[in-house]
Amino acid sequence: MTDARGSADSRQSIGCYHYYDSLGATPYLGLCQATNSTGLTRSCSTTNSAIVQSIRSISAESNISFSWYADGTCRYVVVDNNSYYKPASATGF
């Protein structure tokens with residue numbers, strides 16, 4: 001996420017959101033969205049509790065990727081927390 005936030009343009013972003021409502025008909029809700037340097041935005045949503053658990057593991061320095069079905073539901077969300085990725089402190093944040 002720090003690479004998108006620290007990009008030279010002000011458009012690139014990526015992130016996910018999760019919500020849990022124990023009284024709701026679908027208690028788990030997750031949403032991921034990414035915008036590239038041209039402003040093209042893609043997103044997906046899910047009520048799959050396993051995918052929401054992945055979303056919950058995201059930190060500010062996570063590498064995120066996701067894919068979606070034609071109806072906009074998330075096919076998968078990959079969260080990679082690895083020292084390979086440049087920490088936010090190295091980008092001046």
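The table that follows gives values for the structure above.
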{"read-out": "Residue within region 29-40 that is open to solvent by less than 50 Å² (accessible area, probe 1.4 Å), of a type outside the set (Gly, Ala, Ser) and more than 27 Å from SER83 (Cα to Cα) present", "value": "no"}
{"read-out": "Selection count, region 4-62, where residues are in a strand (DSSP E or B) and hydrophobic (A, V, I, L, M, F, W, C)", "value": "7"}
{"read-out": "Pair list, Cβ < 6 Å and 6+ apart or interchain, from region 37-49 residues that are without any contact (Cβ under 8 Å) to a residue 12 or more places away in the chain to residues that are of a type outside the set (Phe, Trp, Tyr)", "value": "THR41/THR35"}
{"read-out": "Residues (touching a strand residue (DSSP E or B) at 6+ places or on another chain (Cβ under 6 Å) and either among the hydroxyl-bearing types (Ser, Thr, Tyr) or surrounded by fewer than 12 Cβ atoms within 10 Å (Cβ to Cβ) (or both)) located in region 10-19", "value": "SER13, TYR17, TYR19"}
{"read-out": "Residue that is most open to solvent (accessible area, probe 1.4 Å), among those in region 63-74 that are assigned to a loop (DSSP other than H, G, I, E, B), closer than 19 Å to LEU29 by Cβ and of a type outside the set (Asp, Glu)", "value": "TYR69"}
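The values are calculated or read from the model by the stated rules, or taken from the named source; none is laboratory data. Since the model is a prediction, treat every value here as computed from it, not as a measurement. Positions of Cβ are backbone-derived with ideal geometry, glycine not excepted, and every protein chain shown enters the neighbour counts. Please note that ligands, DNA and RNA were not included when accessible areas were found on the heavy atoms of the full protein model with its side chains. Shrake-Rupley method; radii C 1.70, N 1.55, O 1.52, S 1.80 Å.
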